[in-house]
There are 6 protein chains.
Amino acid sequence: MIYVTRKAHFNAAHRLQNPEKPDEWNARTFGKCNYPNWHGHNYIIEVTVAGEPDPETGYVVDLGTLKKVIEERVLEPCDHRNLNLDVPFLQGIIPTSENLVYAFYQQLKSPVEAISSKGSVLYSVKLFETERNIAEYCPFRTIENI
Amino acid sequence: MIYVTRKAHFNAAHRLQNPEKPDEWNARTFGKCNYPNWHGHNYIIEVTVAGEPDPETGYVVDLGTLKKVIEERVLEPCDHRNLNLDVPFLQGIIPTSENLVYAFYQQLKSPVEAISSKGSVLYSVKLFETERNIAEYCPFRTIENI
Amino acid sequence: MIYVTRKAHFNAAHRLQNPEKPDEWNARTFGKCNYPNWHGHNYIIEVTVAGEPDPETGYVVDLGTLKKVIEERVLEPCDHRNLNLDVPFLQGIIPTSENLVYAFYQQLKSPVEAISSKGSVLYSVKLFETERNIAEYCPFRTIENI
Amino acid sequence: MIYVTRKAHFNAAHRLQNPEKPDEWNARTFGKCNYPNWHGHNYIIEVTVAGEPDPETGYVVDLGTLKKVIEERVLEPCDHRNLNLDVPFLQGIIPTSENLVYAFYQQLKSPVEAISSKGSVLYSVKLFETERNIAEYCPFRTIENI
Amino acid sequence: MIYVTRKAHFNAAHRLQNPEKPDEWNARTFGKCNYPNWHGHNYIIEVTVAGEPDPETGYVVDLGTLKKVIEERVLEPCDHRNLNLDVPFLQGIIPTSENLVYAFYQQLKSPVEAISSKGSVLYSVKLFETERNIAEYCPFRTIENI
Amino acid sequence: MIYVTRKAHFNAAHRLQNPEKPDEWNARTFGKCNYPNWHGHNYIIEVTVAGEPDPETGYVVDLGTLKKVIEERVLEPCDHRNLNLDVPFLQGIIPTSENLVYAFYQQLKSPVEAISSKGSVLYSVKLFETERNIAEYCPFRTIENI
């Protein structure tokens, strides 16, 4: 099993706010991430596919094609946009990194697996909100030893 | 002459828009940087002081004190804020990186020189809007050979 | 299952030395890492929590709170300190990166899980001694196929 | 179980080309990676060993010794070389990152495990072709939940 | 005076060889950089323009337009190419980083100044051959104090 | 004029302490950098030579030879050492980054210029104590406009 990763970047505005809660709860819970006039990030997204290389090409996935799928499914709707207001597939969720990686995984799963070698899966999506704050969604790792 | 640099980070939203021009001019000139609902960046700022080390401390400037001045003069007003709407000293300017480094330099010059060794100057302020887009203001370099 | 990571930095001195062995064994085994007058590193620590986002906040863990726990439990006792001499919870161990990540994991497990969403676990602690030398402790991955 | 990683660099030329296919297929499949006069990369390799620290040294593996094994088994044959023409253990494979990590893992497995603590395994080999294109081979992770 | 920098990447093969010298001189002078079957790098180029921001746009230069000029004048002829064989404007020079930055500066000077604000100059071109080996050409700095 | 830079790394322990001042002054002035049992850093040094490329080699300086000079003159005496106690050419100075870059410049000037092309000068030495704290010594830049 080989794991292939493609990294991409986008810049977006957001604000953490649960609309079902009073303003005071939001300010206390999210602190400066709740400031009303938005802030933003240079997001880095890492998309990882797991599979066997195709014997004719040596590719699990053509990274040029994967780049285009990431651009189409994530960067085009999100880059230079407001994640709370502008992105159809993010409506109704609080744009924490945790919720974003899950939403990006759903956006990417079918089109990424369609361009990958037979039997490959979209293994994980990782998002760097800043160099120090990172979230990842991976449905294939299990926490067994608890 | 020794050059001492301190790096800091902040996250902010902005939008490029010249309010004296029609919307159509702004959209054409600034492209996706003009999108109405803002976008944002993880800004990195580098502040450089030039001077002679103090003989008692070996410091041109105590970088812990310089860190606090940068926090007070730039990060506190800008971090998690909207650079077009929220920052008093940025009112009336288009928040391009070029204009930001000049404004940050003015914010920092007096307090930085006040904490530096005798004869030191604030040499330059550099801003990374993204890893690939960078601006710097330095009043001490000259373009002589043109 | 979402994985959330927070990165932090500290600077410390150390020396590799097994006090139960003769000096000659230590010099031969640890080479320049055994030099008597210490050396040091800019350590980078990455702490990863695995869990489900809380539906009200969208957080597996508030990264600002996680930052404070890392500061209190690891950075405060270790930053600008000597790992062989100054840190109570490192007494009696040789401060290799392998032993440090295990000790940091024990320091962090309870307080990190106490601030994380229901059912979350401290998934792993990773330490960069240099950009090229890295250790990680993760009790949840298993080596099954051997 | 502790995971210890050592990073190394090498520079090499390559070209993606399946010699059993016509030129036209190769040009269409590999695009600019198929250009006839070669191109090249600053490859970064990360080698990870999993095991228990030796109680006398606190090491899963001495990273100085691991560095030498990586130099001998991967860097010496590959650095400043042409991966299609010059490297005996890469003959007959298309030098995609996927195929390279698998070949490097085979090169490294025995000598790395021979220098590691009792019971340790070569856990994975990861290769950065560019900062954005990454492949990893790890025989110990399984994709169970499909 | 504001300095604006745009960073870009390309991958290329090359070999250091002075065709007017015997093979033995080349092997002794350039070592592994002279190996006959080429090697290659992930080059990073940084292009810096110095000037005054245009008062209407706040730009010394539109970095999106600068990106296109770098792509057209440097990346298109060089990316995934052999710098000794494939690039018309590099014919007859040994492709050391020193010679490359000078050649890239000549390629970029007119078109970059044509898209920049009135009075701006192409200040410097910097090239990272590896993370550790860097060259820069800047005709505006002088070494006066010798 | 071309500027060529080589980057290198070393790990060392140090402590900021002016032995001519009372302990209380040192503790107040240097804070945690004055802790008695040392701390340490992964230092990065950047050495820049300015000159004209030699027409036969295209080199301002052979970076492999420059690497060896840096190793001999800076890394060998400093790596894995205590900068206050172990390094002959640092005796009697407080090892701030400001004082270190000046001392390293003196160590490197003659041997670096001896291996560089005719007329070249050691232009600057830059030191990263951490990613955020940086000092540089360059005797060729002047602060004219004050």
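The values are calculated or read from the model by the stated rules, or taken from the named source; none is laboratory data. Model, not experiment: these values are computed from the prediction. Because the Cβ atoms are built from the backbone with ideal geometry, glycine has one as well, and the counts that use them run over all protein chains shown. These accessible areas exclude ligands, DNA and RNA; they are computed on the full protein's heavy atoms, side chains included. Shrake-Rupley method; radii C 1.70, N 1.55, O 1.52, S 1.80 Å.
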**Request:** Return an integer: the convex hull volume of the alpha-carbon atoms of the protein assembly as shown, in Å³ per residue.
**Result:** 176
**Prompt:** At D:Ala27, label 7 Å along Cα→Cβ: distances to the other copies, nm, ascending?
**Reply:** 3.7, 4.1, 6.6, 6.6, 7.7
**Item:** Nearest-10 value in Å² for the accessible area of E:Leu66, using the 1.4 Å probe
**Value:** 0
**Request:** Calculate what fraction, in whole %, of the accessible area of the protein assembly as shown sits on carbon and sulfur atoms when a 1.4 Å probe is rolled over the protein chains.
**Result:** 49
**Message:** Once ligands and nucleic acids are excluded and a 1.4 Å probe is used, how much of F:Asp62 is accessible, expressed in Å² to the nearest 10?
**Reply:** 50
**Request:** In whole angstrom, note down how far apart the Cα centers of the range C:3-38 and the range B:112-145 are.
**Result:** 39
**Asked** Sorted from shortest, what are the nm distances separating the label point of C:Glu72 from equivalent points in the other copies, each placed 7 Å from Cα along Cα to C-beta?
**Response** 2.8, 4.9, 4.9, 5.5, 5.9
**Fill in**
Expected max-MSF residue from F:Lys126, F:Lys109, F:Lys21 in the GNM of chain F (alpha carbon, under 10 Å) is F:Lys21
**Prompt:** Are any of the pairs C:Lys67/F:Lys68; C:Lys67/D:Lys109; A:Lys32/F:Lys7; E:Lys32/F:Lys126 more than 31 Å apart by Cα-Cα distance, and if so, which?
**Reply:** C:Lys67/F:Lys68; C:Lys67/D:Lys109; A:Lys32/F:Lys7
**Request:** Would you be so kind as to identify all helices of chain A, as entire DSSP H runs, whose Cα atoms reach 20 Å or more along the helix's own axis and whose mean Kyte-Doolittle hydropathy is at least -1.0?
**Result:** A:97-115
**Message:** Using a probe radius of 1.4 Å on heavy atoms only, what accessible surface per residue do you get for the protein assembly as shown? Whole Å² is fine.
**Reply:** 40
**Over the range E:13-69: Rg over Rh, Cα atoms, Kirkwood Rh** = 1.34
**Request:** Would you kindly find the accessible area of F:Arg28, with a 1.4 Å probe and non-protein molecules such as ligands, DNA and RNA excluded, rounding to the nearest 10 Å²?
**Result:** 150
**Item:** Shielding score for E:40-48, defined as the mean number of other chain Cβ atoms within 10 Å
**Value:** 5
**Prompt:** To the nearest 100 Å², how much accessible surface do chains C and F cover up together, summed over both, with a 1.4 Å probe?
**Reply:** 1800
**For chain D, calculated [θ]222 nm from helices alone, where every DSSP H run of n ≥ 4 adds -39500 (n - 2.57)** = -7500 deg cm²/dmol
**Average beta-carbon neighbours from other chains, 10 Å sphere, peptide C:4-11** = 5
**Request:** Averaged over every viewing direction, what's the projected area of the C-alpha convex hull for chain D? Give it in nm², one decimal, please.
**Result:** 10.4
**Asked** For chains C and E related by rotation, which residue of C has the Cβ nearest the axis, and what is the rounded distance in Å?
**Response** C:Glu131, 5
**Asked** So what's the net charge close to F:Ser97: Lys and Arg +1, Asp and Glu -1, counting the other residues with Cβ under 10 Å from its Cβ?
**Response** -2
**Asked** Considering only DSSP beta bridges whose two residues both sit in the range C:2-145, what percent are antiparallel, to the nearest 5?
**Response** 95
**Neighbouring partner chain Cβ atoms per residue of D:86-97, average, 10 Å criterion** = 3
